[in-house]
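Asks: Let me begin by handing over the structure; questions about it come next.
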């Protein structure tokens, strides 16, 4: 029987005694929802923030207004600040963040509908990655939640430095 990505993460986090948090925008809490669907997730998942508006990103996560004005919410710079803020707010080992344009509107030159950025903040460093999905709004949100969890798994499995 194949275990889900969420169950795999629970096993790794519990075995290593690590703590996790999430900062979400376009996924609206789907990352946190998937994590907390697994029994025992309270042992390692300290919480998540859905910071949809600029004001929430600034006030709850400490994202800089300068970053938002210069790069926008859907950018490498913003997701790294979001992840860093979630790591600080929840006092955890690892924080993952996600911000994207779920659609159907909201795209602009250089930032198409479906563009989604992910950030990861750890004691070892910070990383970002992006994908551009081509689904509808719900599908783009689901793909983004999966990619955020996979980003955490990739880090835990040593797939990047």
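Asks: Between region 76-138 and region 13-75, how many Å separate their Cα centres?
Replies: Rounded to whole Å, the Cα centres lie 9 Å apart.
Asks: May I pose another question? Say we join alpha carbon atoms closer than 10 Å with springs in a Gaussian network model of the chain; which of 84, 16, 137 then has the biggest fluctuation?
Replies: 16
Asks: Also, I was wondering about something else. Between residue 65 and residue 42, what length comes free when the chain is fully extended (0.36 nm per residue of separation minus the Cα-Cα distance, one decimal in nm)?
Replies: Using 0.36 nm per residue and subtracting the Cα-Cα distance, I get 5.0 nm.
Asks: If one takes the longest principal axis of the Cα atoms in the chain, at what angle in degrees, from 0 to 90 and to the nearest 10, does the Cα axis of helix 137-156 lie?
Replies: Computed tilt is about 50 degrees.
Asks: For the Cα atoms of the chain, what angle does the longest principal axis make with the long axis of helix 76-90, in degrees from 0 to 90, nearest 10?
Replies: In the chain, helix 76-90 runs at an angle near 40 degrees to the longest axis.
Asks: How high is the relative contact order of the chain, given as a whole-number percent (alpha carbon pairs under 8 Å, six or more residues apart)?
Replies: 22
Asks: OK, next. By how many degrees, between 0 and 90 and to the nearest 10, does the Cα long axis of helix 5-16 differ from the longest principal axis of the chain?
Replies: Once rounded, the angle reads 60 degrees.
Asks: Can you give the helix-only mean residue ellipticity at 222 nm for the chain, where every DSSP H stretch with n ≥ 4 adds -39500 (n - 2.57) and the sum goes over all residues, rounded to the nearest 500 deg cm²/dmol?
Replies: It lands at -13000 deg cm²/dmol.
Asks: To make sure I understand, if each residue's beta carbon is the centre and we count other beta carbons within 10 Å, what order do 156, 30, 120 fall in, fewest to most?
Replies: 156, 30, 120
Asks: In Å, what Rg and Dmax follow from the Cα atoms of the chain?
Replies: Computed over the Cα atoms of the chain, radius of gyration and Dmax are 14.7, 48 Å.
All of the numbers you see were taken from the coordinates with simple rules; none came from a lab. Everything numeric here is computed off the predicted structure, so don't read it as measured data. A quick note on method: Cβ atoms are made from the backbone with ideal geometry, for glycine too, and the neighbour counts reach across all protein chains shown.
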